[in-house]
Each structure stands twice: as C-alpha cells, then as structure tokens.
Amino acid sequence: MVGEQRVLIAGGGPVGLLCAWLLGRRGLPVRLFDANLTPQPDPRAATTHPATLDLLAADGLAGDMARVGLVAPIFQFWDRPSGEKIAEFDHNVLKDDTNHPFVVQCEQFKTAKLLLERLRKLPSVEVLFGHEVVEVEQTDDLVTVEVCGADGVKRHSGAYLIGADGGRSIVRKQSDIAFEGFTWPERFIVLTTPFDFETAHGICFRSYFADPDEWCNCFKVSADGPPGLWRTVYPANPDLSEEQLMSDTAVQARMQKFFPACRPYEIVHRNLYVTHQRVAETFRKGRVLLAGDSAHVNNPIGGMGLNGGIQDAANLADKLAAVLLDKAPESLLDLYSLQRRTVATEFVQEQSIANKKRLEARDPETRRRNLDELRDMAADQTRARQFLLRTSMIASQQRVAAMTLTEA
Ligand SMILES: Cc1cc2nc3c(=O)[nH]c(=O)nc-3n(C[C@H](O)[C@H](O)[C@H](O)COP(=O)(O)OP(=O)(O)OC[C@H]3O[C@@H](n4cnc5c(N)ncnc54)[C@H](O)[C@@H]3O)c2cc1C
C-alpha cells in the first residue's frame, strides 16, 4: 500500500519541500532527495505575493513568514534620471480580494527552514539531503529513480515523481521534456548593503527604478533581524567579464550612479545570475510531474518565479492527494499541467518580460508613455486595483480556478 501511494520528490528547494509538506500533512508517504548536503543558504527569492500567502495560511505558515521577514504593503516606481517618484501602489486596495493585502519579504532559505521544521513532525515524510537523482525511468505502474548518496547508488520506486530540482532539472531532461524559451544576453547583478535607503532617500521596501541606461530594483529584507539589508539588482553589460563586473571599483561606481553618497557603500554580498525565460512543453509526462523552476523560469523583476512554484505545489498536492487517496481520475494531473502551464506562459512570462521592458525602455516617447501610465494608474483606485490584481498574482489564480480540461 505504501509503495503504491509513495510520492518521490527530486529537489529540496522551497518548492520540493512545500510539496512534501502538503502531501505529508494528508498522511501520504513521501521520499524527498536533494543533491546538497544541507538546504541552500541562497538569498534569491524574497517577495511573496498576496495570492501565494493565501495558499500558505494553513498551520500559520504565512504568519511565520511575516514574523521572520518584512511586511511590505507598498511598492514604488521611480525615474532614475530625473530622481522623481513616479507612482506608489498600496496593496490595501486589495483588502476585499485577499486575506493578505500586502507582500511579505521572506528570503527563500527562511521559507525552506520553516518548512523543514514542519516536515520533521510528519512521520510519513523522509527528507534525504546528500542524495542526487541521476536516472529516471517509468512504466505504466510505477516510476523509479536511481539516487547517488554516501552509501552508493540505490533505486527507489513510487507512484509518482515530482521534479522540483530547479532550472537544470535532471527529471525534466531524462523525461525528454523540452524547455522552450530563451536566455537574456545580460546577466543580473545583485549587490546587498546595510545602507538604509528608506531613511536616506525615502525609498520603500520594494522599489523599481526605470533608466534608459541601466534599470535597478531595490528591496529590503530582514536578514538576521533589525536593521536588515537592502538588495539592489541591475543588468550587467554582456561584454564585460565577471571580474570586471564584480570589482570593488565597478560595484561602487554602480551604486554611486543610482544612489550618490559621500562614502563608499559597505557591500555584504555580490551575486551574478544568468536569467532565462523558459517554460516546459508539458508539466506532466505519465508518472512524472514538474513543479517550480524545473517547469518554468523567468527574470526576477516583479518577483514571480518562486511564487509560481509555490502555486504549482499547492495545485499539484491537491490533485495528487485526490488521485491517491480518493481514487479521482488521473486526468486531474493533466488539468494540473494545463492550468499551471497556461498561467506560466500567458501570465508570468508575459508580465515579467513586460516589467523588464518598462524599466529598460530607451525611446523617450515610450518612456514618457510608460511613466504616464504608471502615474495615472496609481491615481485611479479602480485601475490601481486591476493592476495590483495582476502583479500580486490574484488574477492568474482566478484564471486557474476557471480552467477545465475542455480547454486542452
Ligand atoms: C536574483 C533573484 C531574485 C529572485 N527573487 C524572487 C522573488 O523575489 N520572488 C520569487 O517568487 N522568485 C524570485 N526568484 C526566483 C526563485 O529564486 C526561484 O523561482 C526558486 O528558487 C525556485 O525554487 P525551486 O524549489 O523550484 O528550485 P531551487 O530553489 O533551484 O531548488 C532546487 C533544488 O533541487 C536540488 N537538486 C538539483 N538537482 C538535483 C538532483 N539531480 N537530485 C536531487 N536534488 C537536486 C538543488 O540542490 C536545490 O536544492 C529570484 C531569482 C533570482 C535569481
């Protein structure tokens, strides 16, 4: 019985851990493998949108994320060349659309930690770090993985396998699922500083800067507690090497251009990321299901990648539990693929590319139009609400809820 119901998960990032928790809470047997010896201390995602917080309310998880993170009800758009604040949006306008009319800035390693604490209390869930999935095969009846750990290579079988193993997913590759899309020529630089931009410049915890030369996103995270850290994100010139981009001189020049200061900035982290826009051709192939970055990747402007992954996990766990526990038809898993792939393509890809284009626009007329549109939307409650329904991913969840298999 256990073997017939067991769900295998490749990847113990936030998406894999959430899948394990949501399935384990329903009593399903779960075995999760992660190649790393410990959870990744990675500072990548922080922004968690209202639609996602609504899904994470069970067992106080969203509340715990707010406790260890920062609550950010407001976000701003600025024009870097003129120094003008163009628009400010307050999520409170969504108070009738969500139980969480704000964003929570919670670094993804903290979300992973909160999930691991919960997983330890679930007897049906095994979490195996230091175990790399190296082979995947499936028959009509079961799926089997070969896993390389300290004790050698072992085979494990289950009813289904969730590939939550990130953008380079071995599960996706071994299942011959294409990853369609493109890679941006410019990498994204993240520079983190304790400098307090709110006190110095009136910049709120989530702020976007349009600039025809070089856009910037500026965010606050709570890090190890007050006073917290600020993360600034910029595009990198593709013609320059990592050494050139990351030298102290280049880093200080970049910071000073955006935020002139009389002293050099203290930089506590500097990271460089290759950024893609890709969606898997399907999120289901037989007994293999993809979720999170293994299924879709996008640029981080607007903070939608992990949010989409968490929404995949919640959708998939409901459907897998219905199939395994309530004998619902397996076609529900095709609905998962349809729903989540549609919003990844129509919504997250579209919105994240549009967000980037808005910040980097060069043509003066296009820039003027973009900034006027933001100003006008912020000044009109109805338009501001429509805009925030999209940016906070409530609209995409509504689209998912309205979708049936007949759309396939
Ligand atoms: C600079 C930056 C900022 C971002 N900010 C945001 C944000 O604010 N909001 C947001 O929503 N998103 C954001 N993102 C995107 C977000 O970081 C990703 O969407 C998120 O990490 C995806 O989680 P995941 O669990 O799917 O994959 P990952 O976090 O990549 O985890 C995959 C896991 O799989 C494991 N693994 C890989 N291969 C194997 C294998 N063969 N066997 C076993 N285990 C394996 C890895 O060790 C890893 O632990 C940002 C990304 C970047 C680069």
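The values are calculated or read from the model by the stated rules, or taken from the named source; none is laboratory data. Keep in mind it's a predicted model, so treat the numbers as computed, not measured. Ideal geometry is used to build each Cβ from the backbone, glycine not excepted, and the neighbour counts take in all protein chains shown. The protein model used for the area step is the full one, side chains on, heavy atoms only, and it has no ligands, DNA or RNA in it. Shrake-Rupley method; radii C 1.70, N 1.55, O 1.52, S 1.80 Å.
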With the charge dipole of the range 320-373 built from beta-carbon charges (+1 for Lys and Arg, -1 for Asp and Glu) about the Cα centre, the Cα from A361, F347, A321 projecting farthest to the positive end belongs to A361
Charge dipole of the chain built from unit charges on the beta carbon (Lys, Arg +1; Asp, Glu -1), centred at mean Cα; most positive-end Cα among A35, T183, T52 is T52
Rounded to the nearest 10, the angle in degrees between the Cα long axis of helix 364-379 and the longest principal axis of the Cα atoms of the chain comes to 70 degrees
The helix 350-360 Cα axis meets the longest alpha-carbon principal axis of the chain at an angle in degrees, between 0 and 90 and rounded to 10, of 20 degrees
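I'd like to know how the range 190-258 sits against the 2.2 N^0.38 Å rule of thumb: what's its Cα Rg over that expected value? List each step's numbers first, then the result.
On the way: Rg = 12.7 Å, N = 69, 2.2 N^0.38 = 11.0 Å.
It is 1.16.
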Magnitude of the Cβ-charge dipole (Lys and Arg +1, Asp and Glu -1) of the range 161-273 about the Cα centre, nearest 20 debye, reported as 220 debye
Answer in debye to the nearest 20: the dipole magnitude of the chain about its Cα centre, from +1 Lys/Arg and -1 Asp/Glu charges placed on Cβ, is 480 debye
The value for the range 109-199 (convex hull of the alpha-carbon atoms, volume per residue, Å³) is 198 Å³
In deg cm²/dmol, rounded to the nearest 500, the helical mean residue ellipticity at 222 nm of the chain, built from -39500 (n - 2.57) for every DSSP H run of length 4 or more, is -10500 deg cm²/dmol
Distance in Å, no decimals, from the C-alpha centre of the range 177-213 to the one of the range 97-171 is 29 Å
With the 8 Å Cα cutoff and a minimum separation of six or more residues, the range 52-93 has a relative contact order in percent of 27 percent
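How far, in nm, would the chain grow between Q40 and K113 when pulled straight, counting 0.36 nm per residue and subtracting the alpha carbon separation?
Value of the extension gain: 25.3 nm.
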Heavy-atom accessible area of K173, protein chains in place, probe 1.4 angstrom, given in Å² to nearest 10, is 120 Å²
For the chain, the longest principal axis of the Cα atoms and the Cα long axis of helix 14-24 enclose an angle in degrees, to the nearest 10, of 40 degrees
Counting Lys and Arg as +1 and Asp and Glu as -1 over every other residue whose Cβ sits under 9 Å from the Cβ of G16, the net charge comes to -2
Compactness check, the range 233-332: C-alpha Rg relative to the 2.2 N^0.38 Å globular estimate gives 1.66
With the label point 7 Å along the Cα-to-beta-carbon line of A200 and a cut-off under 11 Å to each amide N, the hits in the range 258-296 are 258-267
If each part is reduced to its alpha-carbon centroid, the range 355-381 and the range 245-288 end up apart, in Å, by 23 Å
Rounded to one decimal in nm, the spacing of the 7 Å Cα→Cβ label points at F129 and A379 is 5.3 nm
Note, N298: beta-carbon cut-off 12 Å, +1 each Lys/Arg, -1 each Asp/Glu, net 0
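Shape call for the range 136-187 from the C-alpha gyration tensor, a ≥ b ≥ c root eigenvalues: rounded (a/c under 1.5), prolate (a/b greater than b/c) or oblate?
Cα axes put the range 136-187 in the oblate bin.
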Measuring from its Cα centre, the range 1-159 shows a charge dipole (+1 at each Lys and Arg Cβ, -1 at each Asp and Glu Cβ) which, in debye to the nearest 20, is 520 debye
Sorted by accessible surface (1.4 Å probe, heavy atoms of the protein chains only), largest first, E243, E266, E186 come out as E243, E266, E186
Rounded to the nearest whole number, the per residue volume of the convex hull around the C-alpha atoms of the range 1-152 in Å³ is 172 Å³
The chain, Gaussian network, Cα under 10 Å: of T48, T98, T199, the residue fluctuating most is T199
For K154, the aspartates and glutamates lying under 16 Å Cα to Cα, once residues fewer than eight places off in the same chain are dropped, come out as D34, E126, E132, E135, E137, E146
Here the averaged projected area of the chain, based on the convex hull of its alpha-carbon atoms and given in nm², is 20.5 nm²
Under 16 Å by backbone N from the virtual spin label 7 Å along Cα-to-Cβ at D318, the residues of the range 343-381 are 343-344
Kirkwood calc, the range 264-408, C-alpha pairs only, radius in angstrom 17.3 Å
